[in-house]
4 protein chains.
Amino acid sequence: MLRFITAGESHGPGIIAILEGMPAGIEVDEKELSLELSRRRKGYGRGGRAKIEDDEVQITSGVIAGKTTGAPIAVFIPNKDYVNWKDKYIPIVAPRPGHADLPGMIKYGFEDCRPVAERASARETAARVACGYFAKKLLYKEGIEVISWVTQIGQISADLPPMDERMYDENVAKKLFLLAESSEVRCPDTLASEQMKKLIDDAREKGDTLGGIFEVAALNVPIGLGSYVHWDRRLDARLAAAVMSIPGVKGVEIGMGFKLAEVSGREALDPILISKRSSNKAGGIEGGMSNGEIIFLRAAMKPIPTLQNPLPSVNIVTKKECRAQTERSDICAVGSAAVVAESMVALVLADALLELRGGDRW
Amino acid sequence: MLRFITAGESHGPGIIAILEGMPAGIEVDEKELSLELSRRRKGYGRGGRAKIEDDEVQITSGVIAGKTTGAPIAVFIPNKDYVNWKDKYIPIVAPRPGHADLPGMIKYGFEDCRPVAERASARETAARVACGYFAKKLLYKEGIEVISWVTQIGQISADLPPMDERMYDENVAKKLFLLAESSEVRCPDTLASEQMKKLIDDAREKGDTLGGIFEVAALNVPIGLGSYVHWDRRLDARLAAAVMSIPGVKGVEIGMGFKLAEVSGREALDPILISKRSSNKAGGIEGGMSNGEIIFLRAAMKPIPTLQNPLPSVNIVTKKECRAQTERSDICAVGSAAVVAESMVALVLADALLELRGGDRW
Amino acid sequence: MLRFITAGESHGPGIIAILEGMPAGIEVDEKELSLELSRRRKGYGRGGRAKIEDDEVQITSGVIAGKTTGAPIAVFIPNKDYVNWKDKYIPIVAPRPGHADLPGMIKYGFEDCRPVAERASARETAARVACGYFAKKLLYKEGIEVISWVTQIGQISADLPPMDERMYDENVAKKLFLLAESSEVRCPDTLASEQMKKLIDDAREKGDTLGGIFEVAALNVPIGLGSYVHWDRRLDARLAAAVMSIPGVKGVEIGMGFKLAEVSGREALDPILISKRSSNKAGGIEGGMSNGEIIFLRAAMKPIPTLQNPLPSVNIVTKKECRAQTERSDICAVGSAAVVAESMVALVLADALLELRGGDRW
Amino acid sequence: MLRFITAGESHGPGIIAILEGMPAGIEVDEKELSLELSRRRKGYGRGGRAKIEDDEVQITSGVIAGKTTGAPIAVFIPNKDYVNWKDKYIPIVAPRPGHADLPGMIKYGFEDCRPVAERASARETAARVACGYFAKKLLYKEGIEVISWVTQIGQISADLPPMDERMYDENVAKKLFLLAESSEVRCPDTLASEQMKKLIDDAREKGDTLGGIFEVAALNVPIGLGSYVHWDRRLDARLAAAVMSIPGVKGVEIGMGFKLAEVSGREALDPILISKRSSNKAGGIEGGMSNGEIIFLRAAMKPIPTLQNPLPSVNIVTKKECRAQTERSDICAVGSAAVVAESMVALVLADALLELRGGDRW
């Protein structure tokens, strides 16, 4: 069983993750891991913070001579900015709507929202990408790839091949991924990418922020990951949790998702043929199991909740109305969230694969 | 910690659930539980099967003198139809698209799909509703209610107060729930209910099936359920898994969900005011925690995958193309799924409440 | 991953267990399960209760046509005595020392100890034996056997081959097991068996009770179950928990156990040879993993805490000193505990085996 | 729920632990943590390694302004010796009997035992002591203390007040602890301490090693930690696992432990009186729950498996018989194991306390 715990605050010494349960013998590489982390970090719309973050990730345990040993893998991502924050404490007294600030302060009984903001920061997701790297390496040994791209930012939608194709055809999916990798907003449509960047510029100017939609596809997944036998072993349930847990994500759908509610059974299902199926509206999951088609999901991310032109809030000390506090922050991080989603999906799939290769079929 | 395991096959002796971790001292009642189960069972579009199912549920342990004792609670829901199936074995050799049949058979190495169909049957969700009943009783002691209604079946959408209101105003939500409870399709719009029933009749005639959309609201939830401190403790992630695990559900969104991807931060967030907030677009969850507003989620259910006028399939014995096998089945079960979703949401909230009242704030 | 939850009270309708995670395709048999349950039930020193208990166990799910299906397995062991207790409630107001009565009542806030006694009853262990049956069947497919015998009851110790041999030589272990199976106290020494029975008779006459020591051996265990990589994956830790969780067990040792504290390293360790090792003082576990030798553990059970000639207690209503309440009870149940221990050990080993065959070595 | 994962190898950059689930608001201190770690490190019989280990522990997350924040706590214990090992790789080709070497190499498929030895090293237990420190701070807020002492090393037994008193009388226990804290072998008997040191000197001279017995007591534990309602929630089971998981521990007993097997019920049980009970033979646990008396357990540790005058082994490359490889190692580490046991016990109790204060009694 794969399990991982992450630790670390936004302005603390660094982010740490421990991943337990990785099999021995997987070749891994610190440079490659660093590269993977940089995929999350960059992107048009990311704030200054993302630029300060660095690649000096260290694998401090669980790997010997370039191979996993089966022991817990620890990863440390130092925070370059820490020296500047070490002896500072800037309280947050005007909680930001949409952020963990207010409920977090109340839950844990803090006197201001700083301790919340430190941990609730999306910087934590770097740790998930680090863990996801190892899961991806495991999957890759079996030929499985997890890829993603952005389809929408604010009101700009990419002009892409129809969803039917994106979730059905491996070549289409791979091509979209390659295009996304070279886009600053991780969007495969070059024209839309430019418009999205402009939209981000506009938002920045207005002190506003943006969200969007991304898609994740897992290619070459064997049949039978997950199980219908118990609700918490269903692959769809586990994927939904993994992706919904990414800060800002407010919706997840698998395959045609919400569109399946509108059509009849005849239109919704993917006929079984002797050759490959003729469609993949189910997004590669039937009965809570992978069915051999591309696993495909979409997620919606709300706009970043820290606004430079802030919304109304209440000062928790004076109890008076005010504007929400501001912090250095991103304008838009949909592309980064997509990379995090890849990692979370990879971790779920790797765990399900370990279970499948284990005792499911004796 | 609440944990539950369910067991039972569609045509076996009955469905069993054990719920472990319920506090002692909660008043419960077998009749009330039976009534709750009947909410899942009934509904226009449910097949003959739903009518055979019965209310003779037994609580066989964990309750003494009408109160929970802290011991594991076992519930047994006997299957009246069992006598007719006891000595029969009807193999399924033409797997149904959209069902667990094919990937399940491959995963577990069966010779036909019957063993899959028996467990993958939605009848298992009766066990979840039974567990949910206890969770609801616990929540109710704290004034928390979990309710649901159907907004769409196939292409018929209910004419309801706008989403902004449904997720914000407790009175609106409660009224929708009451209306839904007296609708045969659990839809609060009387006119749409009639149209939905007609659509279901049409589908039945064509040997087709339908899906739809439902909404779940949890009222009076205290601040601080779930936590931002670790991804798997986030309430939104846990709710997404719980609802996505319901057979047929292909999409889950919280608050405004996918619509939040299109708007800017200024439009997406719920300003913090001294009095109650002016909106609840976040659906009651910020930073993975309940924020004191209504917890609101929507889910899309695909059409039932067993069609009386079946889709292409392949006979797994002859390896020839054929039509998918048929079984007695529902035409539409969106209302039932909504009741199951209430139960799953209640179980997640109850568990989070047990955790909150524990050590989160010392 | 194997997981199981049990439910049921001593005088309720029955004992229920659900075992989740069993692979598909294991042949099982209700009669054989019933026989396994009877091994726990019988034994000199068991009370009238054990005689009332019956073999009418039902597997209500997870098995089709004599084979496990991968779905959760539910077992129901009805309680014949239930009809006599159904409408009775006999409060326990004078808690029994050594029993869960007093701390249980305080923990859960009951008004008397009856609800505690109902669940804390050792009858619950029937459910564990039922789950253990399935684990044993899985292990047996791999040639692994889990066996046990009693070495001591009160001050009567069996005259057995030395511990060095018992834990080293499979033939010795098997022979001890066969002898134990035909002894009413599950002791391989016929003479000691008779003395033990006499001791039990004496204790019964005095209104007293007895405990003892038993040993469990697992034969033909492959190398590498469990792991040194994390404390909670160590096989020794998991076995210790599994056996210590049996009511009445107060000590567990692996291999030479406490005796290893007295000797030097040279005397304590099992040299590695090209052929089989020359000793097995480690009891088959090194570094928290099985090392290919017999897994051997010993456990001490305290005397049954319900005495017919009871010890001082305090009436929880009058707050006055009194004698502890009595219930129908066993005089000695060491042989039964040994059978339960076999089951718990089998469940741990089966789970570890599922993990090993999974991803530990890719 | 408290959970923790540790990572790190013996000669790697350092040992890391993440502890998740600690409530917010507990005052902690890096210096105090460092002191606690030094309690594990020192001791007569510890090797040169223990001297190289250092106190420069860093809390890198989960603590702000000297208080826990509810976020995961990460602790990093750097390895001073790392610089010397960084570019070295000294294979272990002659596995040490009693060590994880041989089964570990086979399980994970390594070409030599070095990767096993690195992780199976007892240095990992430093991470547990670090986690235990936080658990102790939580317990201490409730007045609970966890203490330990050594009673035996090899054949030298301490002359201590009888077990009946040690497990019953808080003052006796505290006094033993204080004496142990000033003994180089953590033994409360000054004379025996000297003899133990001599024994250790002798063993060192002979290239041999030693084990022993230690006792752990938890004072002022409230009634009702753990539960009889399910086997895996029993406090005794959880404590047994926690202590048995410490490298080298081969036996655990609670209260009078194995001695309870020899006596009758009348002699074994602790009568319930209006005032404090007259004995504590149960070691503070009845029915798997704390009963308000001192929680008392004993554990046996086998001798260290790395001998300077090594036992027979087999060279895994040449397949020829040889002597087991040697490493720098301790002669005796019973005192250190006792400190680790304190930590593990504290972690179990803290978790049970969080559960109790949560929903067990509504």
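The residue of region D:134-152 that is farthest from D:Thr60 (Cα to Cα), among those that are under 16 Å from the mean Cα position of the chain (by Cα) and open to solvent by less than 10 Å² (accessible area, probe 1.4 Å), is D:Val150. A Cβ distance below 7 Å, combined with a sequence gap of six or more or placement on separate chains, defines the contacts here; from region A:311-325, residues that are farther than 14 Å from A:Cys113 by Cα and open to solvent by less than 100 Å² (accessible area, probe 1.4 Å) reach residues that are assigned to a strand (DSSP E or B) and of a type outside the set (Phe, Trp, Tyr) in the pairs A:Pro312/A:Glu321; A:Pro312/A:Arg323; A:Cys322/A:Ser313; A:Cys322/A:Val314.
Checked across region C:199-208, the condition of being within 13 Å of chain D (Cβ to nearest Cβ), part of a loop (DSSP other than H, G, I, E, B), farther than 21 Å from C:Val348 by Cα and at pLDDT 95 or above holds for at least one residue. Among residues of region A:135-153 being in contact with a strand residue (DSSP E or B) (Cβ under 6 Å, 6 or more places away or on another chain) and over 21 Å from A:Arg46 (Cα atoms), the one that is nearest to the other protein chains (Cβ to nearest Cβ) is A:Leu138.
The lone criterion from (1) touching a Ser or Thr at 6+ places or on another chain (Cβ under 9 Å); (2) in a helix (DSSP H, G or I); (3) among the aliphatic types (A, V, I, L, M) left unmet by D:Val83 is number (1). For the structure I just gave you, tell me whether A:Lys259 is at pLDDT 95 or above, among the basic types (Lys, Arg), open to solvent by 10 Å² or more (accessible area, probe 1.4 Å) and in a loop (DSSP other than H, G, I, E, B). Considered against the rule, which asks whether it is at pLDDT 95 or above, among the basic types (Lys, Arg), open to solvent by 10 Å² or more (accessible area, probe 1.4 Å) and in a loop (DSSP other than H, G, I, E, B), A:Lys259 comes out as no. Of everything in region B:229-256, what is among the acidic types (Asp, Glu), in a helix (DSSP H, G or I) and crowded, with 24+ Cβ neighbours inside 10 Å? Give them in sequence order. Selection gives B:Asp236 alone. Answer yes if at least one residue in region C:213-228 is among the aromatic types (Phe, Trp, Tyr), open to solvent by 10 Å² or more (accessible area, probe 1.4 Å), at the interface with chain D (Cβ under 8 Å from one of its Cβ atoms) and without any contact (Cβ under 8 Å) to a residue 40 or more places away in the chain, and no otherwise. No, region C:213-228 contains no residue that is among the aromatic types (Phe, Trp, Tyr), open to solvent by 10 Å² or more (accessible area, probe 1.4 Å), at the interface with chain D (Cβ under 8 Å from one of its Cβ atoms) and without any contact (Cβ under 8 Å) to a residue 40 or more places away in the chain. Checking each residue in region C:166-175 for being outside any loop (DSSP other than H, G, I, E, B) and either open to solvent by less than 10 Å² (accessible area, probe 1.4 Å) or touching a residue at least 60 places away in the same chain (Cβ under 8 Å) (or both) picks out C:Arg166, C:Glu170, C:Ala173. Restricted to strands (runs of 3 or more DSSP E) entirely inside region B:283-355, those with at least 2 residues that are modelled with pLDDT of 95 or more and under 24 Å from B:Trp149 (Cα atoms) are B:295-301.
Scanning region B:233-250 for residues that are of a type in the set (Val, Ile, Thr) and either at the interface with chain A (Cβ under 7 Å from one of its Cβ atoms) or without any contact (Cβ under 8 Å) to a residue 60 or more places away in the chain (or both) yields nothing. Within region B:10-30, being more than 7 Å from every other protein chain (Cβ to nearest Cβ), assigned to a strand (DSSP E or B) and touching a Leu at 6+ places or on another chain (Cβ under 8 Å) holds for one residue alone: B:Leu19. For region B:177-195, filtered to residues that are over 11 Å from B:Ile153 (Cβ atoms) and in a helix (DSSP H, G or I), the residue that is least open to solvent (accessible area, probe 1.4 Å) is B:Ala180. Does A:Val317 count as out of contact with any Cys (no Cβ under 6 Å at 6 or more places or on another chain) and within 7 Å of chain B (Cβ to nearest Cβ)? No; evaluated as a whole, the condition is false for this residue.
A count restricted to region A:45-69 and to residues that are crowded, with 20+ Cβ neighbours inside 10 Å, in a loop (DSSP other than H, G, I, E, B) and either among the aliphatic types (A, V, I, L, M) or at pLDDT below 95 (or both) stands at 4.
Applying the condition of being open to solvent by 20 Å² or more (accessible area, probe 1.4 Å) and more than 7 Å from every other protein chain (Cβ to nearest Cβ) to region B:90-109 and asking which residue is nearest to C:Pro72 (Cα to Cα) yields B:Met105.
Only one of the listed residues (D:Leu37, D:Leu33) is in a helix (DSSP H, G or I), closer than 15 Å to D:Asn79 by Cβ, at pLDDT 95 or above and touching a strand residue (DSSP E or B) at 6+ places or on another chain (Cβ under 8 Å). That residue is D:Leu37. Summed over region D:326-362, the residues that are more than 29 Å from D:Asn291 (Cβ to Cβ), in contact with a strand residue (DSSP E or B) (Cβ under 6 Å, 6 or more places away or on another chain) and surrounded by fewer than 22 Cβ atoms within 10 Å (Cβ to Cβ) give a count of 0.
Just wondering, is there one or more residues in region A:251-272 that are within 30 Å of A:Arg328 (Cβ to Cβ) and at the interface with another protein chain (Cβ under 7 Å from one of its Cβ atoms)? Yes, because at least one residue in region A:251-272 is within 30 Å of A:Arg328 (Cβ to Cβ) and at the interface with another protein chain (Cβ under 7 Å from one of its Cβ atoms).
Going through region D:285-310 one residue at a time, which ones are facing another protein chain (nearest Cβ under 8 Å) and surrounded by fewer than 22 Cβ atoms within 10 Å (Cβ to Cβ)? The answer is D:Gly292, D:Asn309. Per the conditions (1) at pLDDT below 95; (2) surrounded by fewer than 22 Cβ atoms within 10 Å (Cβ to Cβ); (3) closer than 26 Å to B:Pro115 by Cα; (4) of a type outside the set (Asp, Glu), the sole criterion not satisfied by C:Lys42 is (3).
The values are calculated or read from the model by the stated rules, or taken from the named source; none is laboratory data. Fair warning: this is a prediction, and the values are worked out from it, not measured in the lab. A quick note on method: Cβ atoms are made from the backbone with ideal geometry, for glycine too, and the neighbour counts reach across all protein chains shown. These accessible areas exclude ligands, DNA and RNA; they are computed on the full protein's heavy atoms, side chains included. Shrake-Rupley method; radii C 1.70, N 1.55, O 1.52, S 1.80 Å.
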